[in-house]
1. Mind checking which residues of region 26-39 are out of contact with any strand residue (DSSP E or B) (no Cβ under 6 Å at 6 or more places or on another chain) and closer than 17 Å to residue 100 by Cβ?
2. Mind checking whether some residue in region 198-217 is over 18 Å from the mean Cα position of the chain (by Cα), surrounded by 10 or more Cβ atoms within 10 Å (Cβ to Cβ) and within 30 Å of residue 115 (Cβ to Cβ)?
3. Restricting to region 60-92, and then to whatever is modelled with pLDDT of 85 or more and of a type in the set (D, E, K, R), can you tell me which residue is surrounded by the fewest Cβ atoms within 10 Å (Cβ to Cβ)?
4. So residue 56 ticks every box in (1) touching a Ser or Thr at 6+ places or on another chain (Cβ under 6 Å); (2) without any contact (Cβ under 8 Å) to a residue 40 or more places away in the chain; (3) of a type in the set (A, V, I, L, M) but one. Which box is left unticked?
5. Pull out all pairs, ordered by first then second residue, where Cβ-Cβ is under 9 Å, the residues are six or more apart or on different chains, the first lies in region 105-130 and is at pLDDT below 90, and the second is β-branched (Val, Ile, Thr) and open to solvent by 30 Å² or more (accessible area, probe 1.4 Å).
6. Looking at region 11-26, which of its residues are surrounded by fewer than 19 Cβ atoms within 10 Å (Cβ to Cβ) and at pLDDT 90 or above?
7. Kindly indicate whether residue 247 is in a strand (DSSP E or B), modelled with pLDDT of 85 or more and not hydrophobic (A, V, I, L, M, F, W, C).
8. Which residues, counting only those in region 116-125, are open to solvent by 60 Å² or more (accessible area, probe 1.4 Å) and out of contact with any Leu (no Cβ under 8 Å at 6 or more places or on another chain)?
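The values are calculated or read from the model by the stated rules, or taken from the named source; none is laboratory data. Please read all numbers here as calculations on a predicted model, not as lab measurements. When we count neighbours, we look across all protein chains shown, and the Cβ atoms used for this are built from the backbone with ideal geometry, even at glycine. Accessible surface areas use protein heavy atoms only, side chains included; no ligands, DNA or RNA. Shrake-Rupley method; radii C 1.70, N 1.55, O 1.52, S 1.80 Å.
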Amino acid sequence: MKLGLPDTLLYSRYGAWWESFFEALGIEVLKPLRSKQESLEAGALLMPDESPLLQLFIGRVMEIASDSDALLLPDINPGSEPGVRGSSGDPWMVDLPSVLSMRFSLPPIHTVPALVNPKLTPPFAVRLGQALTSNAQLVRRVLDRHASALRPARYAEPTWQLGGMKTVGIAGNPALLEQEFLIAPLLEALATDLSHEAIPMMRFHERDAAAPLPRAFQWADGSAYVNHVALVRQARAAEMPETFWHDPLVYQGGSDGFLGPRDAIPLADESWGCDMEAEVVVVTGDVAQGASREDALAAIRLVGLTNDVSLRNLIPGELAKGFGCVAGRQIARGTEGRSQRRTVRARRCRRRHDLRLRHADRASGEDPRAGRGDDYRVGHGVEP
């Protein structure tokens, strides 16, 4: 049994769970192998009058359709009809399987909700699993093992308010907003029009801007300008290790919150020695472990300037403890049951550390890591 699973059209919200579920049932899951650009071009030939989003989706579907015994597609608007509030009015989005079957010769199509949910997903899993395997006991066992993973995947939600600063919201089809591949050309065209003053514009004031990201999964700071590091070490009569020329100094910093360009820096005690570090910051999309130089460059989304605030008088004491890993401590795994108490204690310690060093003046007791699950990408600082 081979099940085709296109990896577009809200796939990030539902696909990973279903892929793991069907593979545990012994069903071979087929996914497109072509690049998205190739799929877009193939879809444009089949449906030249449709939107790029649908052309990309059709291209991905048709690549795997001929080798699949069935297809699994998302139900984007369950229960919607054209013209009903909450529906796009687009027949493709309202009844995707029917429209596809009328236009193309395809294997049987199964639909599931476009968002995994502990209450909604299990009935679909039981029905589809039994239909494809005819083994109810196996389906129940696999579903029991996968039940703990039935929680919505992390994806970006618009942040409408960030303190008292102004924010910008982008409204549009969620399936399109999640496709950086399709959005990037639109943003590049907008940037070109702005640079040539081809569209209405206004002067930009840094004081009115928030940080480009409210938070990120990671902040990795590296000393890439080795000559500068050597001069700084020389100024304080310290010797720079030769390994810095091929193995840069890197540390992981706090990424639970970023300040705007002109925001005041919160500091509870001036004796901590607040100091500035002008750096180049690189914001990326997802970067695979062991990525090549070319793949890493392709993942860059934004390059800018940043002030990496340092509390100079606190750093020596922390360095003296001799602990601060990057490569050796990449993954932290949450646990349940008997280990939950230990996890809660670690969270409390981490919170106290953050409140002391980075948010000591917040009298409200707000958790600085609140909302960290949003799907904002990795931030990298390059120390000059």
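1. Result: 32, 39.
2. Scanning region 198-217, I find at least one residue that is over 18 Å from the mean Cα position of the chain (by Cα), surrounded by 10 or more Cβ atoms within 10 Å (Cβ to Cβ) and within 30 Å of residue 115 (Cβ to Cβ), so the answer is yes.
3. 67
4. (2)
5. Matching pairs, first to second residue: 114/76.
6. 19, 20, 23, 24, 26
7. no
8. The answer is 119, 120, 123.
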